[in-house]
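Just below is one structure, and these are the notes that go with it.
No value in this document is a laboratory result; all are computed from the given coordinates. As the structure is a computational prediction, the values presented were derived from the model and not from experiment. Please note: Cβ atoms are built from the backbone with ideal geometry, for glycine as well, and neighbour counts cover all protein chains shown.
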Amino acid sequence: MSIITGRGDEGETDLLFGRRIAKTAVRMEALGCVDEVNAALGMARAATTEPAIIALVDAIQERLIGLMGQLACLPEDEGRYRLAAVGPADVEWLLAQAHGYEARGINFTGWAKPGAEGSLSRAGLDFARTMARRAERAVLAVHESGEPVPEAVRLFFNRLSDLLWIMARVAE
């Protein structure tokens, strides 16, 4: 089966449960932003040799996959989505991870200068952080457009960007 279907040639794309929407819809913008976060995390993951960072990035990416599924459901289909949805426990998990890294001590002065340390891993984490901020804005735009987005999904990216900032400061 080919990935090339031609179904999007008219400017629409598929969501879950047979729904179609415009590729320019705010929901699709949000999905694209989350996909960018996932890809940026993949770059950071590939650039590090630290097992703890690799494991944490993997766990974040697993949650992002579930979150993309949530966003790929229109509000009327929300109850049908049974896969790994992001919830309040995932937001708390991000917060706990951030606090764990903070407890180890963070040394920084002034604004972050991604790449200044010469570490691809740190630069990748900073890049993923900026993508998480963009995803946060895009998810909020979906919510503000009148299509409700669960609070945990809205908070997830705020906590994720904070965690990624911290990780970029402590990564080798």
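Brief remarks follow.
- Flag for A85 being outside any helix (DSSP H, G or I) and closer than 24 Å to V26 by Cα: yes
- Test: residue in region 30-49 that is closer than 21 Å to R129 by Cα, part of a loop (DSSP other than H, G, I, E, B) and more than 12 Å from the chain's Cα centre (by Cα): yes
Each row is one residue, and each column tells you yes or no for (1) more than 23 Å from G18 (Cα to Cα); (2) in contact (Cβ under 8 Å) with a residue 60 or more places away in the chain; (3) over 17 Å from the mean Cα position of the chain (by Cα).
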{"position": "G66", "(1), (2), (3)": "no, no, no"}
{"position": "G79", "(1), (2), (3)": "no, no, yes"}
{"position": "G100", "(1), (2), (3)": "yes, no, yes"}
{"position": "A103", "(1), (2), (3)": "yes, no, yes"}
{"position": "E117", "(1), (2), (3)": "yes, no, yes"}
{"position": "G124", "(1), (2), (3)": "yes, yes, no"}
{"position": "R134", "(1), (2), (3)": "yes, yes, no"}
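- Leading residue by the ranking (surrounded by the fewest Cβ atoms within 10 Å (Cβ to Cβ)) among those in region 11-66 that are over 22 Å from D77 (Cα atoms) and charged (D, E, K, R): D58
- Condition broken by R80, with the remaining ones in (1) touching a Gly at 6+ places or on another chain (Cβ under 8 Å); (2) more than 18 Å from R133 (Cα to Cα) satisfied: (1)
- Residue check, R63 among the basic types (K, R), touching a Phe, Trp or Tyr at 6+ places or on another chain (Cβ under 9 Å) and in a helix (DSSP H, G or I): yes
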